[in-house]
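Below you'll find the structure, written out as structure tokens, and then a few comments.
Bear in mind these aren't lab numbers, they're just calculated from the coordinates by the rules spelled out. Because the structure is predicted, anything quoted here is derived from the model rather than measured. With ideal geometry, Cβ positions are generated from the backbone for all residues, glycine too; neighbour counts draw on all protein chains shown.
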Amino acid sequence: MYDSIVIGAGIAGSVVARQLAEKGSRRVLVLEKRAHIGGNCYDRLDEYGILVHEYGPHIFHTNMEDVFAWLSRFTEWNLYENGHQVVANVNGKLIPVPFNLNTLHMVYEKEKAGLLEQKLVQAYGAGSRVAVMELLENEDPQIQAVAQYVYENVFLKYTMKQWGQTPEEISPQVTARVPVLVSYDNRYFQDKYQGVPVQGFTEMFARMLEHENITVRTGTDAKKLLDFVLAADGSGGIYLEGKKFGGDVIYTGELDGLFDFVHGRLPYRSLRFDFEHFEKNDFQNEHSVVNYTVSEDFTRITEFKYLTRQKDTNGTTIIREYPFAYTGAPGEIPYYAILNPENRKLYEKYTKMAEQLPNLHLLGRLAEYQYYNIDAMTKKALELAGKLLAG
Ligand code: FAD
Ligand code: UDP
């Protein structure tokens, strides 16, 4: 019946399914345990007719021409002319994030800011991007004072909320996602293309999965349909409703869950999302995202209509994000892998198990226990499909 099975209809699964179906003429079965496609990129109209992102705000951004071109087959884009811009609420004052030279001139008086700007340019070069943890190591006491300001007012509390750990304790690759910019660039991302699909992410996924060779079954946990049997005696393999399945199986869910947590649970951070609707036009002065970096229990507030650029709205809907440690309790969703050597070691115990199933391929934020943006995920999925089709 099927040549390949894809588990998960997020960006990883949907891209790979489309490529296998189209380029390889394979009959592909996509299994998705949620009631909808799109994974964490899923969006929908709320009861007030406002397009909301169910699992937190998503902005597509990339420098990869091939990824942009490929996804553009399935959607038109609302590209942001001035990029995605974020401000941090620091004791009531709104300052641009990432911290950049505009921010510098807002928090220091004119002469001091001018001097600090010169020093930063001299130390790192105009236009450079410096991770806050690197800036903290600069030996010049005045640069160090800037680093300390950024650390305390932008990173410390936000990171404590998001990860339950200090910036020193988490992987430096995470805080380096939001570097200090030695330029007057207020954009959150520096990518060439930034924006959202005109008809929403879900519609983009629907078009991607709309293909004669693709069958999608939502509301279907793959663990209920498939058995992953590890055995040295030749009986090992992946079984679909009792019969050994020899085709490629691409898995994009949690790897520990696939093997019933036999080595213990992989740690994740999760989020609780609180939506609120207001019968007024504007909630936060036309800012799509305000980060709360020194106060509150939530990390940020997103006002959707400024993110999606939806025009025909009555009222406005916002979302607050409250991070917490994932426990695996029913209903919880693991959003963020916690990158550290100890967790990597545990993850590798599971990949050793996965290797015993040669037709099983791990792909995605969960299955690879990695931190991927949509564009990097798309690229990785296109590459995997290419590899599988090359045999
Ligand atoms: P997912 O989207 O998680 O999809 C995996 C799918 O597999 C899920 O739908 C799940 O239900 C399904 N699944 C799991 N197990 C099973 C099973 N046993 N059977 C059937 N189905 C199963 N990226 C950006 O580029 N820009 C952003 O602005 C951005 N914002 C983000 C904000 C938040 C709050 C979060 C958490 C992530 C954000 N990302 C952003 C990252 C983006 O969400 C990921 O890159 C993307 O979702 C990864 O896709 P995926 O397919 O690997 O995972
Ligand atoms: N961060 C922070 N303050 C901010 C923005 C980001 O401390 O105002 C830190 C925080 O640790 C966060 C990391 O930088 O987890 C990466 O931020 P990014 O916005 O890339 O996270 P995402 O939500 O995309 O995972």
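Residues are listed down the side, and each one gets a yes or a no for (1) more than 14 Å from ligand 2 (Cβ to nearest atom); (2) in contact with a Leu (Cβ under 7 Å, 6 or more places away or on another chain):
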site: Asn40; (1), (2): no, no
site: Glu47; (1), (2): yes, no
site: Glu54; (1), (2): yes, no
site: Phe60; (1), (2): no, no
site: Ser72; (1), (2): yes, no
site: Leu79; (1), (2): yes, no
site: His84; (1), (2): no, no
site: Val87; (1), (2): no, yes
Could you please find all residues in region 87-113 being of a type in the set (A, V, I, L, M) and assigned to a helix (DSSP H, G or I)? Leu101, Leu104, Met106, Val107, Ala113
Give the number of residues within region 326-340 that are in a strand (DSSP E or B) and closer than 30 Å to Ala231 by Cβ. 1
For Phe278, state whether it is farther than 25 Å from Gly13 by Cβ, surrounded by fewer than 15 Cβ atoms within 10 Å (Cβ to Cβ) and either among the acidic types (Asp, Glu) or touching a strand residue (DSSP E or B) at 6+ places or on another chain (Cβ under 7 Å) (or both). yes
If you take the residues in region 114-142 that are in a helix (DSSP H, G or I) and acidic (Asp, Glu), which one is surrounded by the most Cβ atoms within 10 Å (Cβ to Cβ)? Glu117
Quick check on region 110-169: of everything there that is farther than 21 Å from Ile95 by Cα and touching a strand residue (DSSP E or B) at 6+ places or on another chain (Cβ under 7 Å), which residue is farthest from ligand 2 (Cβ to nearest atom)? Tyr124
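Sort out which residues of region 53-84 are within 13 Å of ligand 1 (Cβ to nearest atom) and closer than 16 Å to Thr308 by Cα, and write them in order of number.
His53, Glu54, Tyr55, Gly56, Pro57, His58, Ile59, Phe60, His61, Tyr80, Gly83, His84
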Given the criteria within 20 Å of Asp375 (Cβ to Cβ) and not in a strand (DSSP E or B), does Gln165 qualify? no
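Residues checked against (1) within 26 Å of Glu168 (Cα to Cα); (2) not charged (D, E, K, R):
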| position | (1), (2) |
| --- | --- |
| Asp274 | no, no |
| Asn281 | no, yes |
| Glu286 | no, no |
| Phe304 | no, yes |
| Pro323 | yes, yes |
| Thr327 | yes, yes |
| Tyr335 | yes, yes |
| Leu339 | yes, yes |
Could you tell me whether region 261-277 includes any residue that is without any contact (Cβ under 8 Å) to a residue 60 or more places away in the chain, over 22 Å from the mean Cα position of the chain (by Cα) and closer than 30 Å to Tyr80 by Cβ? yes
Return the only residue of Ile318, Ile301, Ile338 being touching a strand residue (DSSP E or B) at 6+ places or on another chain (Cβ under 8 Å), more than 13 Å from ligand 2 (Cβ to nearest atom) and of a type in the set (A, V, I, L, M). Ile318
Step by step: first the residues of region 282-318, then only those that are free of Cβ contacts under 8 Å to residues at least 40 places away in the same chain and of a type in the set (Phe, Trp, Tyr), then the one that is farthest from ligand 1 (Cβ to nearest atom). Which residue is that? Phe283
Within region 170-188, the residues that are within 22 Å of Val87 (Cα to Cα), part of a loop (DSSP other than H, G, I, E, B) and either of a type in the set (Val, Ile, Thr) or away from ligand 2 (no atom under 11 Å from the Cβ) (or both) are Val178, Val182, Ser183, Tyr184, Asp185, Asn186
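May I ask you to list the residues in region 32-52 that are within 6 Å of ligand 1 (Cβ to nearest atom) and either under 14 Å from Lys305 (Cβ atoms) or in contact with a Phe, Trp or Tyr (Cβ under 9 Å, 6 or more places away or on another chain) (or both)?
The answer is Arg34, Gly39, Asn40, Cys41.
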Residue that is farthest from Leu271 (Cα to Cα), among those in region 341-380 that are of a type in the set (Lys, Arg) and away from ligand 2 (no atom under 13 Å from the Cβ): Lys352
Filtering region 313-325 down to residues that are loosely packed, with under 14 Cβ neighbours inside 10 Å and assigned to a strand (DSSP E or B) yields Phe324, Ala325
From the set of residues in region 298-312 that are of a type in the set (S, T, N, Q) and under 19 Å from Tyr42 (Cα atoms), which is surrounded by the fewest Cβ atoms within 10 Å (Cβ to Cβ)? Gln310
Looking at (1) surrounded by fewer than 16 Cβ atoms within 10 Å (Cβ to Cβ); (2) more than 16 Å from ligand 1 (Cβ to nearest atom), can you tell me which one Gln173 breaks? (2)
Within region 203-274, which strands (runs of 3 or more DSSP E) (wholly inside it) include 1 or more residues that are touching a Ser or Thr at 6+ places or on another chain (Cβ under 6 Å)? 248-251
State whether one or more residues within region 341-353 are surrounded by fewer than 18 Cβ atoms within 10 Å (Cβ to Cβ) and in a loop (DSSP other than H, G, I, E, B). no
